[in-house]
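Report on one structure; see the data block that follows.
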Ligand code: DGJ
């Protein structure tokens, strides 16, 4: 049992492999946080202190660690829940009413029932434990059992308490073409807020927090959490004057209220969280394992070719077929036809909403291309942007009321498009039917679902910020029920939609429109702190790169993209025989190491050199791969030392270097390390190694 309840003193102790979390019910029926950190043996030693006031200006609610602070009373710190009742009361006063425990193979769930003192308004705090992954997840369900509507002004999934000050906080900043730029800052007095107000999890901040005590990859305490939400989120980190740091995450209350009609309930998105006393590597592994095993599909991701950068909107059946031939010659397993195949889609100006095949571009129908792709033994994928409509499209002309807008205002366009109000049943039905028809009529294996603008002018509804994305989750889930073999890729102008909410719903994720192989090293490194490698699509594209203008050798570009789920986006019709031959070799090598890359454990290795090497290791059972990059040498000809992680000390490993095979012990490779010297700008190497099997006999 991972949930232990000491009924003597009302203490709940939740434990996973190496972490414990505890709270209790105090003498007033309020939940008090007691502990989060390294595993504790039993609930016996934990006590719930009774509430005593220290000074009138430090009200008791302020100095006590509330497990789920609600709005009201002498509470001035951030609250998780604020409700307004029909009579104007904007205060919650809850009482503890009991608990339930439920157990399944991979998880255990504790539900703590709270109820308002006066109103028939219930709050169920949910604690999900995933012992095998050393992770927990908190969420809250609220139920309006009064006779009148209740307005919810804020709902955060949880508050977590860290018993330290001066922590380091990490997240990402960024923008289009520069997602996942990691930053770390010291937490001091006051608050740090990360959020998104655009309706997607966004290029800017990402819905997770990492708080550490000067941890490194392999040492030190790290407290972390990731919100399972793709829409507007908010995360607040607050170092209080009382010697602790609080974190809350949940739905953003910016421009948001939710009305619960009598009898209605609502569940806030889960906040997945964990603790590591051995640095960031353990944090990443726990999250990656959970994502790979519990959320994602088990099969390996195909090597894809996407024609976007080669042809942009100017697609024709004949040219796509030529590209398909080249893609298959190279070794691609999936051919994706991107934007431009439908309606009057010749640029960003028109077409979105008119989801019929453009006859001028496909005079013999889409079947001609699909058949050619299938005939070449590849899967077929297609791009859509279902949530959007161009003002000129027939769909908008016929249904001007289907978009988010205000009657008295000029409606915003961005990339010449409006956003459809997905929460309207008729819009949801239109989108579902459009995709269902597409998947039923054509032999499609892969949908790339794009979204190229933020949401604005949401009309009178103030709950669309969560309901829009919930509808997308539902539509995709339903489509997958009917078309179970189809893979769905989430893309939002590049990497605008990756988070632990969408991770289980979609299958593939476009990391960034920035395909510059050097910039990608930073993006991918940062992405890997929270998201698994299998969820990181990376393409090789042409040089000079359209964004950076950089020219990088094709080998380095391949190596950088091989760190994730490999794709190619070059205009391969222009490839020289040498480029084609190199591509064939790289793709074939990728297929060989793919199980280790996509299903192995990923290690960000230390670089002891003054030269800026990027060093990574992938390890799955007896097989491993090292990636080494040296974008530019700074200090003469210095090499580096690759100290591998997590090998077996007394086992021998064969390392396949460019100079030949080397056999070394696990201890040597981990502690002494493998000397490596790359030379020249944009030098890179992929080195395979494996545990040596001793001959029996
Ligand atoms: C943005 C995506 O990130 C690109 O990969 C491409 O699909 C374009 N949209 C198409 O409009």
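Annotations for the structure displayed:
- The chain: C-alpha gyration tensor shape, a/c 1.5 cut-off, then a/b vs b/c: oblate
- Neighbour-count ranking [beta-carbon atoms within 10 angstrom, fewest first] of 117, 445: 117, 445
- Order of 406, 76, 223 under a 10 Å beta carbon neighbour criterion, fewest first: 76, 406, 223
- Cα gyration tensor category, rounded, prolate or oblate, for the range 215-255 with a/c compared to 1.5: oblate
- Each of 591, 534 has some number of other Cβ atoms within 10 Å of its Cβ, and from fewest to most they run 591, 534.
- If you take the Cα centroid of the range 638-679 and the Cα centroid of the range 432-482, the two points sit 48 Å apart.
- Rounded if a/c under 1.5, otherwise prolate or oblate - the range 531-598, Cα gyration tensor axes: oblate
- Using the average count of surrounding beta-carbon atoms within 10 Å as a protection proxy, the listed peptides 59-67, 199-207 rank, highest first, as 199-207, 59-67.
- Estimated 222 nm signal from helices in the chain, with DSSP H stretches of n ≥ 4 weighted -39500 (n - 2.57), rounded to 500: -6000 deg cm²/dmol
- For the range 68-140 versus the range 253-306, the gap between their alpha-carbon centres in whole angstrom: 19
- Summary of the geometry: the range 495-558 and the range 152-227, compared by the centres of their Cα atoms, lie 21 Å apart.
- Between residue 443 and residue 58, the simple spin-label model (points 7 angstrom out along Cα→Cβ) gives 7.3 nm.
Rule-based calculations on the coordinates, nothing more; no lab input. The model shown is predicted, which means the values in this text are computed figures rather than measured ones. Using ideal geometry, Cβ is built from the backbone for each residue, glycine included, and neighbour counts are taken over all protein chains shown.
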